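Quick notes on the structure that follows.
The values are calculated or read from the model by the stated rules, or taken from the named source; none is laboratory data. If you're wondering where the values come from, they're calculated on a predicted model, not measured in any experiment. Positions of Cβ are generated from backbone atoms using ideal geometry, with glycine treated the same way; all protein chains shown enter the neighbour counts. Heads up: the accessible areas ignore ligands, DNA and RNA and are worked out on the full protein's heavy atoms, side chains in. Shrake-Rupley method; radii C 1.70, N 1.55, O 1.52, S 1.80 Å.
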Protein chains: 2
Amino acid sequence: MRVSELSRSSGVPVATIKYYLREGLLPRGETTSPNQARYDDAHLRRLRLIRALVEVGGLPIATVREVLSAVDDPDVGLHAMLGRTVYAITGDVGASGSLDEAQADLERAVSHVGWEVTPDAPALAGARSVLARMHELGHGPGEGTLHAWAEAADRAAEGDLAAIGRTDDREDAAETALVGTVLGDALLAALRRIAQESRSAQLYRTDS
Amino acid sequence: MRVSELSRSSGVPVATIKYYLREGLLPRGETTSPNQARYDDAHLRRLRLIRALVEVGGLPIATVREVLSAVDDPDVGLHAMLGRTVYAITGDVGASGSLDEAQADLERAVSHVGWEVTPDAPALAGARSVLARMHELGHGPGEGTLHAWAEAADRAAEGDLAAIGRTDDREDAAETALVGTVLGDALLAALRRIAQESRSAQLYRTDS
């Protein structure tokens, strides 16, 4: 299909598609004349993936390029690729507040569930920063809450790995991990609010 | 303290503090002269809360005002206040893809855990939109993954309600819910990545 059809099918404007091509997020089409290229369903799929990562996940373009290059690199093994993908999409909110209390919380959470994680994993720094902010606000989690959150994260990750394990195709597994992690964050946040409403209604029903 | 000290203690520039005052996010200080006002620790706490909601949660200023007004309204019962807070911070990524498959997934998740939720809860629409995007990308969750995510969300919410239940003070409970939900999303995302790395290492250790 031509770029105009690719735009219609994906809902992404032609100018945005050309920007993604220049930035190397989308592979070039097959050149059919000096001014025209032909695109196929793989381009359409990739374009929808980019759009979801940007619109739902709020990822910057540079991050999208980084994770897609990890997905596209056939020399990277699955665990390493998942690591590169997950590392790239893990932000840090910046340290503020008490890092000592936050570090103690984090160690409690990790040992409660028995996670094995490399000490320089960006997610450790990310979690520590958020916990420090919570303590700064006077709302550090109590032990029961911390344990519940760690168990929740572990159960979610069990579901993530089950999804990745359903396919034998490396690129498909990579995409599953990427979509599951980025869109999964948004889904889990929404499901958590549904669960909060349900549990809050059971506890505080009389007051409304 | 004066506005300059409030700025130093909070790390928030004076111009930003004045903007929050104009927008009604931060209550006015006690006027001590035509050009000066005095602020106290309650202002400092509120300022740190606003900053965390904006910087960590990425909430727009209008949403911060909306949730703070729910927190500050003593006539609203706790469950209703939690509802207003959680509803205000629940975004919708916009429908795209198959809403039928997404609706079926959502109903399966809700009935799997046994949630009771009002049909017009924004989080239901939010979850449905994300699920529709996943299906559009060819990565709708399988049953095992969906059940794991629903259980994870429910366990997280159990931790949230435990945190809220630790205080008898209504405003403190409201703040706990707000901080736990908004900063908790970021924390749970980070903990999930730690859990993914740990579980991925166990499954795919040989390939790196």
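The value of relative contact order for chain A, using C-alpha pairs under 8 Å at least six residues apart, is 18 percent. Any idea what log10 I(q)/I(0) is at q = 0.07, 0.10, 0.13 Å⁻¹ for chain A, Debye with uniform C-alpha scatterers and no solvent? The computed values of log10 I(q)/I(0) come out as -0.30, -0.57, -0.87. For the residues of B:79-90, the average number of beta carbons from a partner chain within 10 Å of their own beta carbon is 4.
Positive end of the dipole of the protein assembly as shown (Cβ unit charges, origin at the Cα centre): among A:VAL117, B:ALA15, A:GLY29, the Cα lying farthest that way belongs to B:ALA15.
I'd like the distance between the alpha-carbon centres of region A:1-48 and region A:115-180, rounded to an integer number of Å. A separation of 34 Å, based on Cα centres. Using a cutoff of 8 angstrom between alpha carbon atoms and counting only pairs six or more residues apart, the relative contact order for region B:88-181 works out to 31 percent. Amide H contacts under 5 Å for A:LEU26: A:LEU21, restricted to partners 5 or more places along the chain or on a different chain, H placed in the peptide plane at 1.01 Å from N. Under a 5 Å amide H cut-off, with hydrogens placed 1.01 Å from N, B:ALA37 pairs with B:VAL3, B:THR32 among residues at least 5 apart or on other chains. Mean per-residue shielding of peptide B:118-124 is 4, counting Cβ atoms of other chains within 10 Å of each Cβ.
Element breakdown for chain B at a 1.4 angstrom probe: carbon and sulfur atoms account for 48% of the accessible area.
Taking a span of 30 Å or more along the helix axis (Cα atoms) and a mean Kyte-Doolittle hydropathy of at least -1.0 as the rule, the DSSP H helices of chain B that qualify are B:143-164, B:170-204. Among A:ARG133, A:ARG192, A:ARG48, which one shows the biggest mean-square fluctuation in a GNM of chain A, springs joining Cα atoms closer than 10 Å? Judging by the Gaussian network model, the answer is A:ARG192. The charge dipole of region A:1-55, taken about its Cα centre with unit charges on the Cβ atoms of Lys, Arg (+1), Asp and Glu (-1) only, comes to about 60 debye. Ranked by the mean number of other Cβ atoms within 10 Å of their residues, highest first, the peptides B:57-70, A:23-36, B:177-190 come out as B:177-190, B:57-70, A:23-36. Derived scalar couplings between HN and Hα for region B:23-38 equal 7, x, 7, 10, x, 4, x, 7, 6, 10, 7, x, 10, 9, 9, 10 Hz in order, rounded to whole Hz, by the Karplus curve 6.51 cos²θ - 1.76 cosθ + 1.60 (θ = phi - 60°), x for Gly and Pro. Note on A:ASP75 and A:THR31: the extension gain reaches 13.1 nm, defined as 0.36 nm multiplied by sequence separation minus the Cα-Cα distance.
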